[in-house]
Structure formats: C-alpha cells, structure tokens
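Student: Okay, handing you the structure first.
Taken together, the values in this text are just the output of simple stated rules run on the coordinates, not laboratory data. All values reported here derive from a predicted model rather than from experimental measurement. With ideal geometry, Cβ positions are generated from the backbone for all residues, glycine too; neighbour counts draw on all protein chains shown.
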Amino acid sequence: MAILPMKINKTGRSGGGVICRRGLCWAALAVCGVLAQLAIPELLLAQATEGARQYGEFPLIGSRAAIWIAAQVHLLFAAFVLGVPMFAVVAEAVGIFGGDKKYDKLAKEFTRLLLVAYSATAIWGAILSFLLVTLYPGLWLYLVEIFAVSMWVYVGLFFFESFTLYLYYYGWDLWSTGRAKWVHWTLGIMLNVWGTLVMFIANSWLTYMMSPPADVTPDTAPGMVQFWSAFANATWMPINIHRIIANVVFGGAIVGAYAAYRFLVAKTDEERAHYDWMGYIGNLIAIGALIILPFAGYYLGREIYEFNQQMGITMMGGFMSWLWIIQAFLIGVLFLAGNYYLWVGMGRIPGAERFTPYTKYMLIVLVVGVMVWATPNSMIADREEIAAMGGTHHPFLGVLGVMSAKNTAVNLMILTTFLSFLLYRRANSRPTVDWARTATFVQGALFVISAIVVVFYGVYGYFVPAIVRIGFSVYQVLAVLATIVGVITIDVFMLRGAESRGDIQWGQMPPRSQYALFILAVTFTWLMGLMGFARSGIRQHWHVWEVMRDTSSEAATPALGYAAIVISGCVLIFFALVSFIFWLGGLAEKGSQVSSSKGEMSGHTEVAK
Amino acid sequence: MLAENLKIIGVVVGTIGVFTLLANSIPQVQSEVPQDLSFGTDVSAAELTASGELLYGSAGGCTACHGLGTRAPNLLTGNGSEGPIGARCGDRVSGESCKEYLYLAMVEPNVFLVDGYSPIMPDMRRSLSNDQIWAIVAYLEAQGGEVTVTGADINQGGSESGSGASTAVADNSGVGPANTSTDPMDILNGNACLGCHILDGAGAPIGPSFDGIGSRLSAEYIRESILDPGVSASEGFEESLGMMPAMYGDQLTAQQLENVVTFLVNRR
C-alpha cells in the first residue's frame, strides 16, 4: 500500500497536460483502491474467523450517512461520465456523416467536460470502496466472496476505459480527417462499450443485494453461491436499462447547466450564441430521454414485483408511499422548467409569435397534470383519521389518486411537452410542399386522437378490475408514442425545402431562461438521489434481501425527511465539485472556444430542426 | 460576474431547499427493524402492555378486524354494552382466568367464537412469537382490567390451563412462516382461509369463493390479492374490502405462495 501513492505521483509527473495528469493520477488512485481491497479479503477472512467486528463507526454523521453520501456522489459523477460519451459520440457521428463541423466541435467540448469529471468519479469511487471496507467489513467480505472475479474484470475495464478516454480526447485534432477520423470515432464507441460494461458489473453487485437468487438463504455460504445466477439476478437488466437512459438524461441536464453558466458569464455575442445553442441541445437531450425513462421505470418496477411482491408493495405503498408524491412534484418541476425554457426560447425565433397564445393552455394542462399526479392514493393515517375520512382514501381526492388518473395526467403532460417542442421546431419554417395543409391537419388529428385514447382509457379504468386496468396503461402509452413517431415523421418530410422566416437569433435569450436550465439540472440530480433512496430503501433492514440482515445500530430505514437532508447534502457536494472542475476545464480551453465559432452561427438555424 | 455567480448559487440552493422542506413537511415514517421480543422473568406489566399496544396496531394486524368495523368484536371500546375486553375477559369462559382465555382466543380462536361472528380469525402463532402473543394479552387485560401476565407465564411457554399450545409456540419464536408445508391444502387450512372463502362447498362466503376462481381471475391477480388484499374488491364483495389481513406476504414462503396461487388458478 505504501508504494502505490509513489507510483501515482510518478505517473502524474510524466503526463502531458494539467488535466491529463489529474485524470491519470486519480484514475490510478481509484484502481489502486480497488486492488487494495481485493487484497484485503485475506485479512478480513482472518478477522471474520476470529469473530471480528461487522461494522465500523464514522464520527458525527454515522456510518450509514457516510457510506450513503460516498455512494450517491460517486454515482452522480459516474452517471455523468457514462451519459455524456453517448451523445458525444452521436454528435461526432452527425459531424462526420452530415459534414457539419460544429457538431464535431460540440462533441469535443462534451468530452472535455468528461475528462475532468472522470477524475472526480474515480476519487469518489475510491472513497466509497475504502468506506465499505472499513465501515461494513462483514458485508464487503460477503460480496467479495461471491463477486471477486467480476471485481478483477472491473479493474481491467476501468483501465481500458481510462486510456480510451485519453486517446479519444487528446487524439481529436490528430485524427480529424479521412480514415483516421473513423478510427477516432471507433474510439468513442469503445469508450461507451467499456463504460457500459463497467456499469453493468457494478450494477450486478448492488442488484444482488436487492434480489438474490431464490436458492440463496441465510445459511448459504457465500462461496457456495453460483456466480452467474448472482450476477444476472432478477433486477440486474432492468436496472441496467433504466440507468443507461437516466445517465443520458442526467448528462444532458448537466451539460445544459454548464452551457447556461457559460452563457451567463459570456463576454462576447459569439460566445453567448454558442452556449445558447449548447444549452438548447443539452435540454433537448435531457427532456427527450426523460420522456422514455418512465417506461424503463415501469419495467424495473414490474420486475421487482415479479421477484417479490412484498418488496414491490413496500416500494409503492407503506412507509414509502409519500416518496412517490415527492417524485411526482419533482417530475412536475422538470416538465414545467423544460417547457418554460422552450417557450422563452421561442422569443428568439422569427415567426414563433404566432404560437405564443397557445402556451397558456399548455401551461394549464401541465399544472393540472402535476396536481393530479401528486395526489396521494392511500394515506398513512391513524385510526381517528381513517375514521374521519371514512376509509384509507380521501372521499374526493382519492378519486384522483389512483393509477387511472395518474397515467392519464402523465401521458397528457408528455403530449403537451412534445407539442411545445414541435411548435419550437416549426416556429421559423414555412413549408413549401403542396400537401403541407393536409399534413398539418393529420398531425393535429393525431394529437386529438391520442388525447382521446388517453382520456378514454383513464375514465374506463375506474369501471374495471385492477388487473384489467393495468393493461390500459399500455394502450395509453402506445397512443402517445405512436403520435410522437407519426407527427415527427410527417414533420421531417414536410419541412424539407421549407422557407425560413428568419434565422434563430442564438444568444438573444433572456437570462431567466438559463436559470430554468439550472433548475432542471438540480431537480434531475435530486431526483436521482431520491430514486436511489427508494431502490436501496426497499431492502429495509437487510444488506442482502432476506439473506444477510443488517444488525448495525442504524438498520432502520430512515424517514423521507432525513433522507431528503442527506440527498440535499449530496447534491450540494456534487454541484460544488462540478462547478470547480468545470471552471478548471474552462481554464484549459480558454481562448480556443470562440475563434472557431465565428461564421458557424448561421448554420445553427438548422440545428433547431 | 460575482453577482451572476451569487444568483446562480441562490437558484441552486433555493431549489434544493424547497425540495428538502417539502420532504420534511409530509408525514415522517421510519421503517423500523422488527424486534424479536424476549422478556425475562422479571418483566413488568408496563413493559408488556407497551409492547402489546404497539403490536396490536401493527404487526399483530388486530385492528383490521377488531377495530373500526363490525367483523369482529371491538375489544377496546366494548362489544355493545359489555365494556372493554379487560373488564369482561375473566367471565367469558367458566374456569378460565382472563389471561388464559385471551391466550387461548389467540391460539385457538375458533374454539371460543363469539355469537354472531364468523370464524375468520387465524391462529396467531403463525404470525407472532410467544412473547408477542403474551404482550398482546397483557395489553388487552389492561383495557378495563388488571394485568396479570408475568414473566413466568411467558417463559413457561404456555398458559396455566395447559392448553397444549405451548409446544407449538416455543417453535415459533422467530420471524417467518410457522407452517413449512408446501401442500396447498395444508396452507389454506393452516391459515384459516376457509374461514372466509368457500372451497368444495366448505367454508364461509365472506370473501370470493375458491370454486371456479381460476376461470374468473388470473394468477397475477390472485397473487396480488393475497399479498395486498386491500387494493381492490371482487365483484359482490365490496363490503368485505379491507377485511383480509395483509400479512400473508410475511407469513408465507415464496414457494408456499406460488403453490397456493397455482392451486387456485387451476380451480376452474
């Protein structure tokens, strides 16, 4: 152990640039941390046989809060460094295939953010690992006994990921044309592959704690647990899919906040225009991925019920029932802030004023939707309160608290948000095709039909058993998705060769719109913390569900108020650090950003489409 | 620049503050770790009563039937004009003291069925430990009467009447299913399901009949109804909604649950 920091320092000194040295240094530290822990099991095993302690103590905040904060902040950085490469490589591809250099430049700027964030991910990964070993040695030993092989693979992939990232970023200008550019793009793809595999491996460890195989009991020695059945457990793939999409949402939101900050402190019009455009792209990615995230969440929830219905009931009802009300409020904020940003943004698009009168109706739909979605179903109440209400459901509001009403509300909110995007997209275009009027009518009809389908099944759901009602949500979702796909398809063809009503005035955005991007980023981050609490909290007093019990003094699952304080602490830590490293990143590229932006802004008009 | 930075910090901190305040303004419920009660011989009446009160409204599930509705006698506020249970338990069965009667009523509930009520109560040994049952007995005695349960009662493992329940109770000190049989009929009988459901003509029509249930309901719906029976009522049984205790998810093993679901879905 004493040798490792010296190696890190040597590696750092031999690096090329400031960022590179930091990245390599911390990546090496994180890997050393994991390697050290893999060596520690021998010691732990010896301790365990001597009846050594199962838990350590952390001063002031306690072990649970310490491990919680470390895990959450690590996950936030990890989500960012996994999400951003996805749309960096897509942006680079758009640049290659479309021949538009500004996308290539955008992809490089995304990757530069990635580089500095990667260091923080590694630092917090090392902190998390060391806290696990010192505060929860019993659990760590148990997991190592089962997952040791995958931990070695994880370490290897981590190295591949790190060096692929450095090659990808520092080779950007070197491999910028011809076949070399394709090689460079392949590096971007490989970066995503390594990152995704790393995430999948880590997900197997945490999902095993949620849903161990049925044949694993408290009496099963960890060495006897079959590796693959533990690795590919019941909730592993649902979590993988959910996290991939959530990472894209989160990455888009953080990029949007970064662009908003750079917009607000920009000193030139060119700089302001560039970051206005970048903020728009970040918001588009975040909201676009957010729309499909609930479907992944539904899949995960269904698999949790399939694995253990009692766990599902604990998650959706009981002491966690109010968590979903808070979640509804947060998602309501996301929808409102995302739409607000689009509506304000229409102010810089010539021709958008013709759509302005409709925004108030869309706002009404969104606000009513949030209110319905945030209505509790059954409430935690004492006997007197239940008697006063005449049951566990409120006599009036209870009608709105059921899934029929909530599904209807959320689907209408998604439709409304999509309409906002469509109006934004078409604001400065005048179609020239003969069939434009008919196509617009068909698009309107699709909106109306899907809204009718959503409302019809929402109302009909009150008159059928629960098992039938659950199936209705599929019809509602399909109607909304079909409308989105159908309308966009028509729009793409209809706007080919369309006349422009004027270029988008990038940079002419009121500052208040940029604060909406900050609210989006903070809300996404807080929501991730809340959902992390939900996922982990449903294990209640088990380290590994119904296999390894938490016997520490902090085994009780805390109430939402306490959880909110911890989550807020994590979000503050994350934003403080991310502000610092983005500022650091800004220093490195200062001066190189704006020069290449000139002359490209006219091309940004097309981006809105 | 500084002003802009301060504004941004204000927006970020303000947004986080709103979420934190919101989450702290709703009912705060902590998920407690289930406690395996273990009383010594010197346990006090106050300790027993306090534990019993907690169990009565939570893990015991007693209020589901003995609380608001009329499906079982209200033990706390009186059964008609009879008064709370502690004041009348000693007179319920000749030769049985209050605590003996209450104990037997929990472990063999259908032996002393009160007139006018259906035999729907399960043997509480299936969901509660011996110490927990005695704690509830003490709590019920305290409702208008004097607590006579002592540590000796608990640690002897049964009632003074020698009802024979003590042996079974001693084997059920932990959390989990008491009946390990995976035979569906054993599970249905052991959990007193036929106290409310009819199977092959036997049982009580308080809940939907098991006969032909597979042609009416899917496996998923049956499973959900067992685990979370308060979600929805079957047609014609709306008034029974909330009567079935939501404790079988804790009592049954996954194998037992699946065997029961499979058994019922095949009743076509």
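Student: Per-residue counts of other Cβ atoms within 10 Å, averaged by peptide: what ranking do you get for A:350-360, A:521-531, highest first? All intermediate terms of the calculation are to be shown ahead of the outcome.
Tutor: Working: A:350-360: 13.7, A:521-531: 25.1.
Descending packing order for the listed peptides: A:521-531, A:350-360.
Student: Of the listed pairs A:K101/A:K360; A:K108/A:K406; A:K267/A:K360; A:K108/A:K267; A:K102/A:K406, which have alpha-carbon separations greater than 30 Å here?
Tutor: Working: A:K101/A:K360 38 Å; A:K108/A:K406 41 Å; A:K267/A:K360 34 Å; A:K108/A:K267 22 Å; A:K102/A:K406 42 Å.
From A:K101/A:K360; A:K108/A:K406; A:K267/A:K360; A:K108/A:K267; A:K102/A:K406, over 30 Å: A:K101/A:K360; A:K108/A:K406; A:K267/A:K360; A:K102/A:K406.
Student: Okay, moving on. Can you tell me how much longer the chain between B:S25 and B:S218 gets when fully stretched, taken as 0.36 nm per residue apart minus their C-alpha distance, in nm with one decimal? The partial results should precede the final answer.
Tutor: Values: separation 193, 0.36 × 193 = 69.48 nm, distance 4.02 nm.
Here the segment from B:S25 to B:S218 would lengthen by 65.5 nm.
Student: If neighbour count is taken as other Cβ atoms inside 10 Å, put B:D200, A:D503, A:D219 in order from fewest to most. Could the numbers behind the result be given before it?
Tutor: Working: B:D200 10, A:D503 17, A:D219 7.
Listed from fewest to most nearby Cβ atoms, that is A:D219, B:D200, A:D503.
Student: Also, I was wondering about something else. In whole Å, how far is the Cα centre of region B:4-27 from that of region A:508-537?
Tutor: Each part reduced to its Cα centre gives a spacing of 11 Å.
Student: Ok, one more. Which ordering of A:T375, A:T557, A:T314 is given by a fewest-first count of other beta-carbon atoms within 10 Å?
Tutor: On the way: A:T375 19, A:T557 25, A:T314 22.
Ordered from fewest to most neighbouring Cβ atoms within 10 Å, A:T375, A:T557, A:T314 come out as A:T375, A:T314, A:T557.
Student: Within 10 Å of each Cβ in A:531-542, how many Cβ atoms from other chains are there, averaged over the peptide? All intermediate terms of the calculation are to be shown ahead of the outcome.
Tutor: Details: counts 0, 0, 0, 0, 0, 0, 1, 1, 0, 4, 4, 1.
Going residue by residue through A:531-542 and averaging, the value is 1.
Student: With θ set to phi - 60°, apply the Karplus curve 6.51 cos²θ - 1.76 cosθ + 1.60 along region A:349-357 and write out the HN-Hα couplings as whole Hz, x wherever there is a Gly or Pro.
Tutor: Listing the rounded values in order: 10, x, x, 6, 4, 5, 9, 3, x Hz.
Student: Any idea how far apart A:E554 and A:L587 come out in nm if each label point goes 7 Å out from Cα toward Cβ?
Tutor: 3.4 nm
Student: Quick one: which of A:143-151, A:560-568 comes out on top by average Cβ neighbours within 10 Å, and what's the full order, highest first?
Tutor: A:560-568, A:143-151
Student: Ranking request for peptides B:208-221, A:86-99: highest mean number of other beta-carbon atoms within 10 Å first, then the rest in descending order. Before the final figure, lay out the partial values.
Tutor: Working: B:208-221: 16.4, A:86-99: 18.5.
Most protected by this proxy first, the peptides run A:86-99, B:208-221.
Student: Set the Förster distance to 22 Å, then compute FRET efficiency between A:V399 and B:V18 from the Cβ-Cβ distance, nearest 0.05.
Tutor: Details: r = 28 Å, r/R0 = 1.27.
Efficiency, from the Cβ-Cβ distance: 0.20.
Student: Out of residues 5 or more away from A:M548 or on other chains, whose amide H comes under 5 Å of its own, with H placed 1.01 Å from N in the peptide plane?
Tutor: A:H543
Student: Between A:H541 and B:N155, what is the spin-label point distance in nm, taking each point 7 Å from the Cα along the Cα→C-beta axis?
Tutor: Each label point lies 7 Å from its Cα, and together they span 2.4 nm.
Student: Can you give me the distance in nm between label points at A:V464 and A:S229, each placed 7 Å from the Cα along the Cα-to-Cβ direction?
Tutor: 3.8 nm
Student: Still on this structure, please answer the following. Counting partner chain Cβ atoms within 10 Å of every residue's Cβ in B:5-11, what's the average? Could you put the intermediate results ahead of the total?
Tutor: Details: counts 4, 0, 5, 10, 4, 2, 8.
That average works out to 5.
Student: Counting partner chain Cβ atoms within 10 Å of every residue's Cβ in A:573-581, what's the average? Each step should come with its number before you reach the end.
Tutor: Working: counts 0, 0, 5, 2, 0, 0, 4, 0, 0.
Mean partner shielding for this stretch: 1.
Student: Tell me, what HN-Hα J-couplings in whole Hz come from the Karplus equation 6.51 cos²θ - 1.76 cosθ + 1.60 at θ = phi - 60° for each residue of region A:76-92, using x for Gly and Pro?
Tutor: Rounded to whole hertz, the list is 5, 5, 5, 4, 5, 6, 9, x, 4, x, 5, 8, 5, 6, 5, 5, 5.
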